[in-house]
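K.L.:
Have a look at this one before I ask anything.
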Amino acid sequence: MLTPQETAEIEHELSQYERKRAACIDALKIVQRHRGWVSDEALHDIAELLEMPVDELDAVATFYNLIYRRPVGRHVVHLCDSVSCWLAGSDALAERIRERFGVRVGETDSEGRFTVLPIPCLGCCDRAPAMLVDGNLHVDLDPERLDETLERYG
Amino acid sequence: MERPLTANIRPGEPPLDIEGYERSGGYRAVRRALSELSPDDVLELVIDSGLRGRGGAGFPTGQKWRFMPRGDDAPRPRYLIANADEMEPGTFKDRLLLEGDPHQLIEGMILSAYAIGANVAYVFLRDEYRLAAETLRRAIAEATDRGFLGEHILGSEISLSLHLHTSAGRYICGEETALISALEGRRAIPRTKPPFPQLVGLWGKPTVVNNVETLCNVPHIVNNGAEWFRSLGLTSDSGTKLYGASGKVKRPGLWELPMGTPIRELLEEHAGGMRDGYRFRALLPGGASTDFLVEEHLDTPMDFESIQKVGSRLGTGTMIVLDDKTCPVAMLHNLEHFFAQESCGWCTPCRDGLPYVEHLLAAIDAGDGRPRDLALLEMHTRHLGPGRTFCAHAPGAMEPLQSGLRYFRDDFERHIAERRCPYR
């Protein structure tokens, strides 16, 4: 069941669009903001509210880099792996995360603290390499700054 | 030198609020257009200005607008969409405009909507641009309070409701028909053209999709005229351009400069040349989906026609620089990994071809390449090229590959002959 809060937030988004289903990305993000990820059950509930087929909603949900259809850790790290960050040493950052937290890109560490996922170009190529942690942007990274930054996310 | 697009932008400082924007001459173009100019006058101004789309394709903006059905019996509602899904690798120019001067975009959208008769508009923004989203939300609220948005703008008969849509991260949403699918709440797959969005767009209604930088030029054209805009460019191409550079240059960054500024000036003067210990090897002039250019091209003006003449595309105008210590095969592997991952999967050449290209490049990069792999890669540059796929995604992916195979032939051959990467 969607909570009254979730339902209210989704219904608020409906006013921007001609048709209900157009709010589905907003709805997926609202539920994810409250629960961390989008479960099958949540998917069914959103589809019902927006009067759209569940499989069509899943086709949308699974299409996007920032909708999680599996549980994630307490913090989600999106490491830019596009060309400007790669030129600036993003591979070394991925390696550092593996050494420090025992988690490879695409995985969650055993304590459930970090999920590390790749993300295409974050649009800060002049301050590469860059990453998002829980949506917050961090730029001009090197392995030491990466450590300092991630330590702040307990 | 005039820098209309970035005149209000102070790096590290918050953008102007609506009062500051109006004090610096903002919304003057909207006041003038609504009282003195007809929609056709604005359209003609933009056609005469020679403004071309800044999102990558360079299509003349006024021509795009002119395909909108006109007259009282034209279908309604009509839509304007600002494409703020900036996700082309190496591109970071729209972020500056969105975070630095949100009212400039809103004013450009009001004028553009007026010209094409749109009464509903969306900003389609990538979700990763959180600061841009906050900035725009605040600016839209301010503009609504002051009567620049909503019903009866400044007491006129013109209305425009402007909505911010934040996406959820997928490169193909920058393709205008995929963007429309996404905005309707469908899987973001491109649509067949024709019919073009101007006739059958969002929810089947007439729609124009323009890039952020394109729209930001419109207030200045209305204020200063088409002749002024044409005179800004150094070549036959009009206006200024937000250029950028990333890679191992001394000062990566963005600069608003006259359209047609030579590559060498961007690279050496503005980006400060290569960092100590690195030499220039090649560059992608306008994002990941443009062909490599090399030393002999450095005196080419960075405009649509000149860059096309030397075998590449201006694209987004933000260049990615390859140095002599970075393996070009590994760089191509990185680029094609991106394209393979971001393929929407709709048409077979793109869905199956790009992962195969990535696989071949990974093998060569790792020292496991075979001599015939180069012919296979070349075959793919033709089979995934223009006319073979549903949209421009795979042909764009083939641009750096086809030029890379030409300019870095020796590197490819050494990887295969020595069974290792000579850069490691």
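K.L.:
B:Lys64: which lysines have alpha carbons under 25 Å from its alpha carbon, excluding same-chain residues fewer than 8 sequence positions away?
P.N.:
Partners found: B:Lys93, B:Lys193, B:Lys205, B:Lys241, B:Lys309.
K.L.:
Please list, in chain and number order, the residues 5+ apart from B:Thr240 or on another chain whose amide H is under 5 Å from its amide H, with Hs placed from the backbone.
P.N.:
B:Met259
K.L.:
What FRET efficiency would be calculated for the residue pair A:Arg74, B:Arg10, taking the C-beta separation as r and a Förster radius of 56 Å, to the nearest 0.05?
P.N.:
Plugging the Cβ-Cβ distance into 1/(1 + (r/R0)^6) gives 0.95.
K.L.:
Quick one: dipole size for the protein assembly as shown, taken about the Cα centre, charges +1 on Lys/Arg Cβ and -1 on Asp/Glu Cβ, in debye to the nearest 20.
P.N.:
Dipole size: approximately 760 debye.
K.L.:
Whats the longest run of chain B with zero GluC sites (Glu not before Pro) that are DSSP loop and have at most 12 other Cβ atoms within 10 Å?
P.N.:
Looking at chain B, B:158-424 is the longest stretch - no exposed GluC sites (Glu not before Pro) with at most 12 other Cβ atoms within 10 Å.
K.L.:
Next up: I want to check the label-to-label distance for B:Glu378 and B:Gln308. Put each point 7 Å from Cα in the C-beta direction and report it in nm to one decimal.
P.N.:
Going from the B:Glu378 label point to the B:Gln308 one covers 2.7 nm.
K.L.:
Report the antiparallel proportion of the DSSP beta bridges in chain B as a percent, rounded to a multiple of 5.
P.N.:
Working: 15 of 36 bridges.
Just about 40 percent of them are antiparallel.
K.L.:
Shifting gears a bit: Calculate the spin-label point distance for B:Glu295 paired with A:Ser110, positioning each point 7 Å from the Cα along the beta-carbon direction, and give it in nanometres.
P.N.:
Placing both labels 7 Å along Cα→Cβ, they lie 5.3 nm apart.
K.L.:
I need the GluC sites (Glu not before Pro) found in the range A:43-83, filtered to DSSP loop residues with at most 10 other beta carbons within 10 Å of theirs.
P.N.:
Sites meeting the loop and neighbour criteria: A:Glu51.
K.L.:
Lys and Arg at +1, Asp and Glu at -1: add these up for the other residues within a Cβ distance under 13 Å of B:Arg230 and post the number.
P.N.:
Charge balance near B:Arg230 sits at -4.
K.L.:
Another one. Can you tell me the relative contact order of the range B:240-323? Whole percent, Cα pairs under 8 Å, sequence separation 6 or more.
P.N.:
With pairs under 8 Å counted, the relative contact order is 37 percent.
K.L.:
Another question about this same structure. Would you mind getting me the FRET efficiency between B:Ser236 and A:Met1? Use the beta-carbon distance for r and R0 = 60 Å, nearest 0.05.
P.N.:
Working: r = 62 Å, r/R0 = 1.04.
Efficiency, rounded to the nearest 0.05: 0.45.
K.L.:
Just for chain A, what percent of DSSP beta bridges are antiparallel, to the closest 5?
P.N.:
Percent antiparallel among DSSP bridges in chain A is about 55.
K.L.:
Now a separate question. Note down the net charge around B:Ser343, summing +1 for each Lys or Arg and -1 for each Asp or Glu among other residues with Cβ under 14 Å from its Cβ.
P.N.:
Working: positive: B:Arg170, B:Arg187, B:Arg351, B:Arg388; negative: B:Glu175, B:Glu336, B:Glu342, B:Asp352, B:Glu358.
Net of charged neighbours comes to -1.
K.L.:
Per the Debye formula with a single identical scatterer at each Cα and no solvent contribution, what log10 I(q)/I(0) holds for the protein assembly as shown at q = 0.06, 0.08, 0.10, 0.12 Å⁻¹?
P.N.:
-0.29, -0.53, -0.86, -1.26
K.L.:
Here is a further query. Among B:Ile81, A:Ile67, B:Ile47, B:Ile320, what is the fewest-to-most ranking by other Cβ atoms within 10 Å?
P.N.:
If I rank by nearby Cβ atoms, fewest first, I get B:Ile47, A:Ile67, B:Ile81, B:Ile320.
K.L.:
Per residue of A:123-133, count partner chain C-beta atoms within 10 Å of its C-beta, then hand back the mean as an integer.
P.N.:
6
K.L.:
If I take R0 = 25 Å and measure r between the Cβ atoms of B:Glu2 and B:Arg28 in this structure, what FRET efficiency does the formula 1/(1 + (r/R0)^6) give, to the nearest 0.05?
P.N.:
Computed FRET efficiency for B:Glu2 and B:Arg28 comes out at 0.90.
K.L.:
From other protein chains only, count the Cβ atoms within 10 Å of every residue's Cβ in A:82-93, then give the mean.
P.N.:
That works out to 6 on average.
K.L.:
Label-point separation (nm) for B:Ser156 and B:Asp40, each offset 7 Å from Cα along Cα-to-Cβ?
P.N.:
Between B:Ser156 and B:Asp40, the simple spin-label model gives 1.6 nm.
K.L.:
May I ask you to derive the relative contact order of chain B, considering only C-alpha pairs under 8 Å and at least 6 residues apart, and to give it as an integer percent?
P.N.:
Relative contact order for chain B comes out at 15 percent.
K.L.:
What are the ³J(HN,Hα) values, in whole Hz, obtained from phi via the Karplus relation 6.51 cos²θ - 1.76 cosθ + 1.60 with θ = phi - 60°, for each residue of the range B:283-291 in sequence order, with x given for Gly and Pro?
P.N.:
Calculated HN-Hα couplings, in order: 8, 9, x, x, x, 5, 9, 10, 6 Hz.
K.L.:
What is the range B:23-130's relative contact order, in percent, from Cα pairs under 8 angstrom and six or more apart in sequence?
P.N.:
Relative contact order here is 36 percent.
K.L.:
Provide a whole-number value for the mean count of partner chain Cβ atoms within 10 Å of the Cβ atoms in peptide B:326-332.
P.N.:
Average neighbour count from other chains, rounded to a whole number: 1.
K.L.:
Also, I was wondering about something else. Give a residue-ordered list of calculated ³J(HN,Hα) values for the range B:83-98 (Karplus: 6.51 cos²θ - 1.76 cosθ + 1.60, θ = phi - 60°; whole Hz; x for Gly, Pro).
P.N.:
7, 10, 9, 4, 8, 5, x, x, 10, 8, 8, 5, 3, 4, 5, 5
K.L.:
Using only C-alpha atoms and all pairs of different ones, pull out the Kirkwood radius for the range B:158-213 in Å with one decimal. Working shown, then result.
P.N.:
Numbers: mean 1/r = 0.0837 Å⁻¹.
The Cα-based Kirkwood calculation yields 12.0 Å.
K.L.:
What order do you get for B:397-407, A:94-104, B:7-17 when each peptide is scored by the mean count of other beta carbon atoms within 10 Å, highest first?
P.N.:
The peptides rank, most packed first, as B:397-407, A:94-104, B:7-17.
Rule-based calculations on the coordinates, nothing more; no lab input. In this text, all values refer to a predicted model and were calculated from it rather than measured experimentally. As a convention, Cβ positions derive from the backbone with ideal geometry for all residues, glycine included, and neighbour counts pool all protein chains shown.
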